[in-house]
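Colleague: Let me begin by handing over the structure; questions about it come next.
Every read-out reported here was derived from the displayed coordinates using simple, explicitly stated rules and does not represent laboratory data. The model shown is predicted, which means the values in this text are computed figures rather than measured ones. Backbone-built Cβ (ideal geometry, glycine too); neighbour counts: all protein chains shown.
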Amino acid sequence: MYRITVLVSGGGTNLQAIMDAIADGRITDTEIACVISNNRDAYALTRAYDAGIPACVVSRADHPHRDEYDAALTRAVVDTGADLVVLAGFLVKIPPAMIREFKNRIINIHPSLIPSFCGVGFYGLKVHEAALARGVRLTGATVHVVDEDTDTGPILLQKAVEIQPGDTPEVLQRRVMEQAEWKLLPQAIDMLAHGRIEISDEGQVTFL
Ligand code: GRF
């Protein structure tokens, strides 16, 4: 079994999409080893508990020093024995030690077509506000490998979503989730689980 550990901070609809895809066979030979949150109140944790998936909290409040927090988070993830770490709405910068430990084995879902509307400060509704403010006609979602910087790692999968007249950030966010994120993230996990995506040390992505 391929083991994934999912890191979450909020509502967990992407976690739900992964659980649903495992349940209905769009992701095979894969189990969620653990769900880890920085936020005790994340609804994503309730989704995990309800599904009987091990879950734990590594909260910044319990680790006043950043180095301590980074070490605790890295240890928690390593202890799950994950083959792949999936960031599904995780709003904490990934410690360099974890990136080294899981080189090319941490992926993130970002709600835009990278390199547009990404990087520091582009998270949640802010991404969609920026896309609407710029007046783009297409946005979408990207699954990428996590490296030391924000949203700069190798791109694995992307899917475009049309912007409609009268869209608000909330409406657009929902459409991007429904049409792109909830499909793309399970697809990427299944491909990685079956060795259908190869990432070289230089970050070159090959589909097999
Ligand atoms: C999603 O839009 C995802 O792309 C971004 O954070 C949001 C998380 O939503 N990284 P949810 O917690 O999965 O519902």
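Colleague: For every other residue with a beta carbon closer than 9 angstrom to the beta carbon of Asp83, add +1 if it is Lys or Arg and -1 if Asp or Glu, then tell me the sum.
Modeller: My count for the surroundings of Asp83 gives +2.
Colleague: Moving to a separate point now. Would you mind checking the tilt of helix 182-193 against the longest principal axis of the Cα atoms of the chain, expressed as 0 to 90 degrees and rounded to 10?
Modeller: On a 0 to 90 degree scale, this one is about 40.
Colleague: Taking the convex hull of the Cα atoms, report for the range 123-168 its projected area averaged over all directions, in nm².
Modeller: Mean projected area of the Cα convex hull: 3.6 nm².
Colleague: For the range 2-207, give the magnitude of the charge dipole about the Cα centre (Cβ charges: +1 Lys/Arg, -1 Asp/Glu; no others), in debye to the nearest 20.
Modeller: 340 debye
Colleague: Relative contact order for the chain: what is it in percent, counting Cα pairs under 8 Å that are at least 6 residues apart?
Modeller: It rounds to 20 percent for the chain.
Colleague: Same structure again: For Val6, what is the net charge nearby, where nearby means another residue's Cβ is under 12 Å from its Cβ and Lys, Arg count +1, Asp, Glu -1?
Modeller: After counting each charged neighbour, the total is +1.
Colleague: While we're here: Hey, can you grab everything whose amide H is under 5 Å from the amide H of Gly89? Only 5+ residues off in sequence or another chain; H modelled, so Pro and N-termini drop out.
Modeller: So Gly89 has HN proximity to Ile109.
Colleague: Would you be so kind as to identify which of Val127, Gln158, Gly81 lies farthest towards the positive end of the dipole of the range 2-207, taking Lys and Arg as +1 and Asp and Glu as -1 on Cβ and the Cα centre as origin?
Modeller: Ranked along the dipole, the leading option is Val127.
Colleague: Scan around Gly10 for amide H atoms under 5 Å from its own, H built in the peptide plane at 1.01 Å from N, and keep only partners 5 or more places away or cross-chain.
Modeller: Ala44
Colleague: By average Cβ neighbour count within 10 Å, what is the ranking of 123-136, 140-153 from highest down?
Modeller: 140-153, 123-136
Colleague: Once every Cα of the chain carries one equal point scatterer and solvent is ignored, give the base-10 log of I(q)/I(0) from the Debye formula at q = 0.16 Å⁻¹, two decimals.
Modeller: Results for the chain at q = 0.16 Å⁻¹ read -1.07.
Colleague: As an exercise, use a Förster radius of 25 Å and the Cβ-Cβ distance of Val171 and Arg26 to find the FRET efficiency, rounded to the nearest 0.05.
Modeller: 0.45
Colleague: Starting from the Cα of Lys103, draw a straight line to each of the aspartates and glutamates and keep only those under 14 Å, dropping any in the same chain fewer than 8 residues away.
Modeller: Asp83, Asp147, Glu148, Asp149, Glu198, Asp201, Glu202
Colleague: Cβ under 9 Å from Arg175's Cβ, Arg175 left aside: what net charge do those residues give with Lys, Arg +1 and Asp, Glu -1?
Modeller: Net charge around Arg175: -2.
Colleague: Calculate the dipole size of the range 19-98 relative to its Cα centre from +1 charges on Lys and Arg beta carbons and -1 charges on Asp and Glu beta carbons; express the result in debye to the nearest 20.
Modeller: Result for the range 19-98 is approximately 280 debye, rounded to the nearest 20.
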